[in-house]
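Notes for the one structure printed next.
Laboratory data are not the source of any read-out in this text; all were calculated from the coordinates shown. Values in this document were obtained by computation on a predicted structure and should not be read as measured data. A quick note on method: Cβ atoms are made from the backbone with ideal geometry, for glycine too, and the neighbour counts reach across all protein chains shown.
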Amino acid sequence: MILLAPMGALKAHNLTKAKNDVRYYLNGIAFVKDEIWSTSGHVALRSSNLLNPEIDRSTRIILNIGRLSTVRGIETAVIDTDAGIVYYIPQVIEKRKDLEEIDYKATRLDVATVEVIDGNFPDLDRVYPPAQSQPAGVPLISFNAEYLALPQAIGKALGMKYKTTAIAFQGDNTKAATFTLTEPNGNTHQLVVMPVRM
């Protein structure tokens with residue numbers, strides 16, 4: 001199967017996925033219908049990605065990408081799960097059919113390995129607040145300060161010039177807060193940060 005992802009989104013998800021976790025499936029990035037998901041168990045990020053329409057909502061393809069390229073000028077990752085190779089290309093892919101017009105193997109700037117992880121990725125839909133919900137005010141909520149720096153780092157990974165975020169609280173100090181970053185092209189990235197007990 002060929003999956004597509006913007007390079008900026010992969011860099012952003014690399015910041016929020018688990019590193020060497022015993023829950024091995026959290027060490028990967030999940031492709032779900034029109035989104036990309038990652039979580040460490042403490043924070044979660046979901047990004048819109050309309051480049052893989054063949055994946056249905058109930059399917060979660062979890063990938064462990066060997067390494068993210070640091071070569072300048074890479075815009076898109078073409079992920080061939082059957083061959084186990086990621087092709088990093090300079091072209092911006094906005095629609096799936098754009099891939100038919102280029103030879104991504106010939107134009108690649110870098111490659112890496114990729115493996116499909118067999119596991120059950122957590123259902124992030126259960127963590128995010130329902131659409132259009134308007135929770136009551138939160139009198140006090142505590143967060144690990146390290147996680148509050150992630151919206152800035154994600155904005156930088158996405159190449160956003162103005163890194164602004166909207167913060168939504170879910171009603172009490174035991175529920176997560178959602179930080180939403182919107183790129184100029186309309187792609188949204190939602191980071192969920194779990195609170196800590198003081």
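Overview of results
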item: Stretchable slack from MET198 to MET1, in nm (0.36 nm times residue separation minus alpha-carbon distance); result: 66.3 nm
item: Long-range Cα-Cα pairs in the stretch 40-147 (distance over 24 Å), rounded percent; result: 42
item: Theoretical FRET efficiency, 1/(1+(r/R0)^6), r = Cβ-Cβ of THR59 and SER142, R0 30 Å, to 0.05; result: 0.25
item: The stretch 2-193 - convex hull of alpha carbons, volume per residue in Å³; result: 126
item: Acute angle (nearest 10 degrees) that the helix 7-16 long axis makes with the longest principal axis of the chain, alpha-carbon atoms; result: 40
item: Inter-centroid distance (Cα atoms) of the stretch 1-28 relative to the stretch 138-198, Å; result: 18
item: Rounded FRET efficiency, nearest 0.05, which uses the C-beta distance separating LYS33 from ASP103 and R0 of 25 Å; result: 0.35
item: Approximate spin-label separation ILE85-TYR24, in nm, with each point projected 7 Å along Cα-to-Cβ; result: 2.5
item: Separation in nanometres of the label points that stand 7 Å from Cα toward Cβ, at ASP123 and LEU50; result: 2.7
item: Sequence-distant residues sharing a close amide H with THR76 (under 5 Å, placed H); result: MET7, ILE89, GLN91
item: Positive-end residue of TYR88, ALA30, VAL193, charge dipole of the chain with Cβ unit charges; result: VAL193
item: Relative contact order [Cα under 8 Å, 6+ residues apart], the stretch 2-193, whole percent; result: 22
item: Cross-link pairs beyond the 29 Å C-alpha cut-off, checked among LYS11/LYS95; LYS95/LYS156; LYS95/LYS175; LYS19/LYS156; result: LYS95/LYS175
item: Fraction of alpha-carbon pairs over 21 Å apart in the stretch 101-198 - percent; result: 53
